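Colleague: Encoded as structure tokens, here's the structure I'll be asking about.
Throughout, read-outs are computed from the coordinates displayed, never taken from laboratory work. Worth saying up front: this structure is predicted, and the values here are computed from it rather than measured. All Cβ positions, glycine included, derive from the backbone under ideal geometry; neighbour counts span all protein chains shown.
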């Protein structure tokens, strides 16, 4: 994976110095909160309901064991002994003191990490396929492009005060594991018939209160023009995106109001001009980055066969292990969704154990997924039993990947100052109701996503079952959505009917899943049955 | 020129009256103009030879349209003074300079020393813009 050189490290170090100075001025009272707010946000520091929250960037969700170990150390030293992995492939700490923020950033910088642009109206940390470089179905590794984007977007002087936040996701496989078309810009690395890499560019997707699936703006962009083209996309947005209403300020509204054709025309005009300016890093730079994402030395003697006589182990292998591109290897996803647990939470000890497993078994590599789990991307199948035993001993071997217990949930009203309702207790109740893994497996792939407000951090629009928390006359109320999806068949869920109390919602979900069991045809997932039958019969069953 | 203007250029400051963008067409000889965030900087491109001062207004520091306006003017060869006016804050100074501003008229005074300190913050930069600095990728590949 990518290693910082002295230039990259100097930039991170300079940022720590700058922010330390800003915090000192804030604590001394010479910098007001209004002016400090965007500065702290660009360093990932939010003021939440009870404390500051620090969001640490994990660029394209990739990190090594030393970095992971540092995340555990920070949880112990500055938080309450745990961290929370998020839908942005990042980690958040919920109990941070402002005075400690410079020291935390210093600790992070010591392992090449930071919190740069994890919030604010700027280009956020780029996300990517969490199986990049390992997936059996990969066309091209998206991470070199994501790293090029990281560098280009870091402290970009023109795009630091955009109308609203800006998120880019990039994939290089046929399967979309990054909800790519639900981002401000989605990029798919593709190959033409000559075998050359190019990029397919989607602009104007997003969730929030106005969910939209991004249209294609460029079918084929030569890979060596990515930076120039994104400069053009961003400049059109910075100049013409709406600033009169923060709820209409995302680029999806601009693209929608202009129409994809007119937005494309304006981008192409700007792009033609920008191409004359020489802004594009040379091919040698992409080659330099690509070399650092070369495959680790996979074991050519790794064998496929493993002993599956232990039924619990066999269950876990079946559910949480994916095919790897190298023979005899596999991709392990560690579920951070134990029955009744808080989705995405991990204790400092668990974080350190995962770091050790990465060092010992996965070529020192880890990934964080947008579904709030952690991946060991490159393990030998022969090592799976040893990995499983260690995970199981630490409460990390829940075999529920992509099942109803693998819930995505935002922090909700337990932490977030924007939330209308709590997400975590609801997720825990649903998880407890469906705790039986065999029952979960019988229900099959079922993506359940919970947001505690309309901002949709829990991706409720994209859940096969989505839940939106609202405030109804001072009482928490939950709306149920069905039919969303984030993959190749991206679709947006629709609200079934009147909302529910917390307990009522858990019952409603159970009625929906029981109705699915009664109606499904062989091989049909919940989503497939819903799409075949439509909303009406589900509604009837749920409100019966 | 108000006392509070800080210039990073050595030539004599313009003494011409600054006209609003909307009045520029009617003021055939004006050499100084002020752009508001919603004004189209590209409309100035035919007049660049004539202009010696362009003020770009920042009514609020968080409206970033002026950054694009400035960079567009420099990309098209404007060499006169480019002045950021209004809610101009020390923590944005290095970005202002990177997109082509070379003068500041902040609502709240900023010392020249503070500006020099801010401009020294970043050892290198990642992007090629209009400030003449070589980006890190160029340094890597000589």
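Colleague: Starting from one equal scatterer on each C-alpha and no solvent at all, send me the Debye-based log10 I(q)/I(0) for the stretch B:6-140 at q = 0.11, 0.18, 0.19, 0.20 Å⁻¹, two decimals.
Modeller: Taken in order of the listed q values, log10 I(q)/I(0) reads -0.39, -1.01, -1.12, -1.23.
Colleague: Size of the stretch A:142-290 along its principal axes in angstrom, Cα-based, largest extent first?
Modeller: 43, 35, 27
Colleague: Post the alpha-carbon centroid distance, the stretch A:105-157 to the stretch A:248-275, in whole angstrom.
Modeller: If we compute the Cα centre of each part, the gap is 24 Å.
Colleague: If you project the alpha carbons of the stretch B:5-46 onto their three principal axes, what span does each projection cover, largest first, in Å?
Modeller: 29, 22, 18
Colleague: So how far, in whole Å, is the C-alpha centre of the stretch B:94-128 from the one of the stretch A:377-392?
Modeller: If we compute the Cα centre of each part, the gap is 52 Å.
Colleague: Rounded to whole Å and sorted largest first, list the principal axis extents of the Cα atoms in the stretch A:373-529.
Modeller: Rounded to whole Å, the extents work out to 56, 40, 29 Å.
Colleague: Suppose R0 equals 30 Å; then what is the FRET efficiency for residue A:34 and residue A:536 from their Cβ-Cβ distance, rounded to the nearest 0.05?
Modeller: 0.05
Colleague: Starting from the 7 Å offset along Cα-to-Cβ, what nm value, one decimal, do you get for the label separation of residue B:10 and residue A:305?
Modeller: Computed distance between label sites residue B:10 and residue A:305 equals 8.1 nm.
Colleague: I want to check the label-to-label distance for residue B:20 and residue A:268. Put each point 7 Å from Cα in the C-beta direction and report it in nm to one decimal.
Modeller: 3.7
Colleague: Roughly what percent of Cα-Cα pairs across the stretch A:297-447 reach past 19 Å?
Modeller: Cα-Cα pairs in the stretch A:297-447 separated by more than 19 Å: 53 percent.
Colleague: Still on this structure, please answer the following. Among B:121, A:126, A:6, A:86, which comes first, then next, by fewest other beta-carbon atoms within 10 Å?
Modeller: A:6, B:121, A:86, A:126
Colleague: How are the C-alpha pair distances of the stretch A:209-347 spread across 10 Å bins, as whole percents from the shortest bin up?
Modeller: Going from the shortest bin to the longest, the percentages are 9, 22, 18, 23, 20, 8, 1.
Colleague: For the stretch A:1-99, what is one quarter of the convex hull surface built on the Cα atoms, given in nm²?
Modeller: The number I arrive at for the stretch A:1-99 is 7.1 nm².
Colleague: Below 8 Å between Cα atoms, with a sequence gap of 6+, how large is the relative contact order for chain A in percent?
Modeller: 13
Colleague: Obtain the radius of gyration and the Kirkwood radius of the stretch A:344-429 from its C-alpha atoms and give Rg over Rh.
Modeller: Dividing the radius of gyration by the Kirkwood radius yields 1.03.
Colleague: Same structure, new question: Using the alpha carbons of the stretch B:23-75, what is the convex hull volume per residue in cubic angstrom, as a whole number?
Modeller: So the per-residue Cα hull volume is 74 Å³.
Colleague: Rounded to the nearest 5, what % of DSSP beta bridges with both residues in chain B are antiparallel?
Modeller: Antiparallel: roughly 10 percent of the beta bridges in chain B.
Colleague: Thinking of the stretch A:7-55 as a set of Cα atoms, what percent of all their pairs are more than 19 Å apart?
Modeller: Here the long-distance tail beyond 19 Å is 29 percent of all Cα pairs in the stretch A:7-55.
Colleague: Taking just the alpha-carbon atoms of the stretch A:146-223, what radius of gyration and Dmax come out, in angstrom?
Modeller: Reported Rg and Dmax, both Å: 13.4, 42.
Colleague: Still on this structure: Given a Förster radius of 25 Å and the C-beta distance between residue A:193 and residue A:137 as r, what FRET efficiency does 1/(1 + (r/R0)^6) yield to the nearest 0.05?
Modeller: 0.85
Colleague: Over the stretch A:260-316, with a single point scatterer placed on each C-alpha, what log10 of the ratio I(q)/I(0) does the Debye formula yield at q = 0.18, 0.23, 0.24 1/Å?
Modeller: Values returned for q = 0.18, 0.23, 0.24 Å⁻¹ are -0.86, -0.97, -0.97.
Colleague: Continuing with the same structure: How big is Rg to Rh over the protein assembly as shown, alpha-carbon atoms, Rh as the Kirkwood inverse-mean-distance radius?
Modeller: Reported Rg/Rh (Cα atoms, Kirkwood Rh): 0.98.
Colleague: Can you give me the Cα centroid spacing of the stretch A:412-446 and the stretch A:302-373 in angstrom?
Modeller: 21
Colleague: When all alpha-carbon pairs of the stretch A:53-157 are counted, what percent fall beyond 18 Å?
Modeller: I get 50 percent for the Cα pairs in the stretch A:53-157 exceeding 18 Å.
Colleague: Quick one: of the DSSP bridges fully inside the protein assembly as shown, what percent are antiparallel, nearest 5?
Modeller: Here the antiparallel bridges make up roughly 65 percent for the protein assembly as shown.
Colleague: Where does the stretch A:311-393 land on the Kirkwood hydrodynamic radius, alpha-carbon pairs, in angstrom?
Modeller: About 12.9 Å for the stretch A:311-393.
Colleague: When the convex hull of the Cα atoms of the stretch A:440-538 is projected onto a plane and the area is averaged over all directions, what value comes out in nm²?
Modeller: That works out to 6.3 nm², a quarter of the Cα hull's surface.
Colleague: Also: If I take every Cα pair under 8 Å that is 6 or more residues apart in chain B, average their sequence separation and divide by the length, what percent do I get for the relative contact order?
Modeller: 20
Colleague: Still on this structure, I have one more. With equal scatterers on the alpha carbons only and no solvent term, can you work out the Debye log10 of I(q)/I(0) for the stretch B:78-142 at 0.23, 0.24 1/Å?
Modeller: -1.00, -1.06
Colleague: Fewest first, what order do A:370, A:256 take by the number of other Cβ atoms within 10 Å?
Modeller: A:256, A:370
Colleague: Round to the nearest 0.05 the FRET efficiency obtained for residue A:472 and residue A:436 when R0 = 45 Å and r is the Cβ-Cβ distance.
Modeller: The calculated FRET efficiency here is 0.90.
Colleague: Give the percent of DSSP beta bridges with both residues in the stretch A:410-542 that are antiparallel, rounded to the nearest 5.
Modeller: 75
Colleague: A follow-up question, please. Please work out how much length the chain gains when fully extended from residue A:284 to residue A:312, using 0.36 nm per residue of separation minus the C-alpha to C-alpha distance, in nm with one decimal.
Modeller: That pair, residue A:284 and residue A:312, stretches by 5.2 nm at full extension.
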